[in-house]
Amino acid sequence: MDYEPVKSVIRTCYHVLAVYSKEFQETGYSFTETYVLATIGRHPGIIANQITEYIDVNKGYLSRVIKRLTQDGLVFADNTASRQNTKPLYLSDAGKALFDEMEEKADESIARHIAGAAPEDKAAFFQLMKALDKNFSLVYPDSLA
């Protein structure tokens, strides 16, 4: 089977991630830190072990990321759980504000990158993105979209 189209999409995704990383550099947080923040923002109450499963990040590194986001007042843990890695994580008001700002910047970035496309091309692009999202969820059903 020819997997080149799949590899091409993956390479494009890496490029898009690189572009997004530059978009969020001014936050002072790394791509992984902003991704973890966004994951908690999209999935309030998620626990650290779930994040490591979904994004395949080293537990020690994730612990340091969560510690930084917590120290910076962006994330907090529900301390009713007995073990650290089972405590539900939530965004603070400051974390929600940063998350909302990042979402707005992402929207602006997408709009800027497709601004020159014809309306029918934009419609086709969004239709393809919906199909790609649906197909990715079939291949990776446990992903945190």
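Scanning the stretch 53-67 for residues that are surrounded by 15 or more Cβ atoms within 10 Å (Cβ to Cβ) and under 23 Å from ASP100 (Cα atoms) yields TYR54, LEU62, VAL65, ILE66. The residues of the stretch 91-121 that are surrounded by 14 or more Cβ atoms within 10 Å (Cβ to Cβ) and in a helix (DSSP H, G or I), listed by number, are GLY95, LYS96, LEU98, PHE99, MET102, LYS105, ALA106, SER109, ILE110.
Of the residues making up the stretch 88-100, those that are out of contact with any Ser or Thr (no Cβ under 8 Å at 6 or more places or on another chain) and within 18 Å of THR27 (Cβ to Cβ) number 9. Does THR80 satisfy being free of Cβ contacts under 8 Å to residues at least 12 places away in the same chain and within 19 Å of MET102 (Cα to Cα)? Spelling it out, it is not the case that THR80 is free of Cβ contacts under 8 Å to residues at least 12 places away in the same chain and within 19 Å of MET102 (Cα to Cα). Filter the stretch 122-144 for residues that are farther than 17 Å from PHE31 by Cα and in contact with a Phe, Trp or Tyr (Cβ under 9 Å, 6 or more places away or on another chain); which is surrounded by the most Cβ atoms within 10 Å (Cβ to Cβ)? Top of the filtered list is SER143. Of the candidates ASP78, ASP121, ASP93, ASP72, the single residue that is more than 20 Å from GLY41 (Cα to Cα), charged (D, E, K, R) and at pLDDT 85 or above is ASP121.
Residues in the stretch 29-39 that are part of a helix (DSSP H, G or I) and surrounded by 18 or more Cβ atoms within 10 Å (Cβ to Cβ): GLU33, THR34, TYR35, VAL36, LEU37, ALA38.
Please tell me if THR70 is of a type outside the set (Asp, Glu), more than 25 Å from TYR14 (Cα to Cα) and either out of contact with any strand residue (DSSP E or B) (no Cβ under 6 Å at 6 or more places or on another chain) or in a loop (DSSP other than H, G, I, E, B) (or both). Spelling it out, THR70 is indeed of a type outside the set (Asp, Glu), more than 25 Å from TYR14 (Cα to Cα) and either out of contact with any strand residue (DSSP E or B) (no Cβ under 6 Å at 6 or more places or on another chain) or in a loop (DSSP other than H, G, I, E, B) (or both). Only one of the numbered conditions (1) in a helix (DSSP H, G or I); (2) surrounded by 13 or more Cβ atoms within 10 Å (Cβ to Cβ); (3) not basic (Lys, Arg) is not met by GLU26, and that is (2).
The values are calculated or read from the model by the stated rules, or taken from the named source; none is laboratory data. Since we're looking at a predicted model, the values are computed, not measured. Here the Cβ is made from the backbone with ideal geometry for all residues, glycine too, and neighbour counts use every protein chain on show.
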